[in-house]
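In what follows, a single structure is set out as structure tokens and then discussed.
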Amino acid sequence: MEHFRNPRNMGEMKDADSIGEVGNPVCGDLMHIYIKVKEENGQEIIDDISFQTFGCAAAIATSSMVTELAKGKTLDEALKITRGDVADSLDGLPPIKLHCSNLAADGLHMAIKKYYETKK
């Protein structure tokens with residue numbers, strides 16, 4: 001509930017290097033995960049990350065948590081953040097809301113993959 005009441009890193013990022021957009025047509029949740037990447041010691045690091053989520057409390061909380069988990073990590077490390085990591089970091093989610101953690105992790109992974117595609 002803390003990440004729902006006081007979400008971290010919420011808001012659109014105008015100068016994002018990449019955006020992961022995911023949604024679930026069944027429940028109506030829609031997430032945008034924005035990343036800003038910097039190179040440090042030959043590694044690409046998530047320097048800044050934010051989100052916009054239109055959905056339930058669990059969708060907002062998982063979006064907030066995934067930004068906290070990914071910030072400061074290399075892109076490869078952030079790609080290893082799983083749906084389970086997001087749910088576990090929130091001390092679990094009700095089974096009916098687990099799809100929200102899927103969306104948050106998927107949005108992060110999509111943003112990173114799109115970033116890699118633009119670098120080719």
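Computed from the coordinates by the stated procedures, all read-outs in this text should not be read as laboratory data. Source: prediction; values computed, not measured. With ideal geometry, Cβ positions are generated from the backbone for all residues, glycine too; neighbour counts draw on all protein chains shown.
Would you mind calculating the relative contact order of region 2-119 from Cα pairs under 8 angstrom and at least 6 residues apart, reporting the percent as a whole number?
Values: 228 pairs, mean separation 35.2, N = 118.
Across region 2-119, relative contact order equals 30 percent.
The alpha carbons of region 2-119 give a radius of gyration and a Dmax of 13.1, 43 Å, in that order.
Between 0 and 90 degrees, the angle of helix 98-119 with respect to the longest Cα principal axis of the chain falls at about 20 degrees.
Between 0 and 90 degrees, the angle of helix 57-70 with respect to the longest Cα principal axis of the chain falls at about 30 degrees.
Close amide H contacts of Glu44 (hydrogens built in the peptide plane, cut-off under 5 Å, sequence separation of 5 or more or a different chain): Leu75.
The calculated FRET efficiency for Glu39 paired with Lys80, based on their beta-carbon distance and R0 = 25 Å, is about 0.80.
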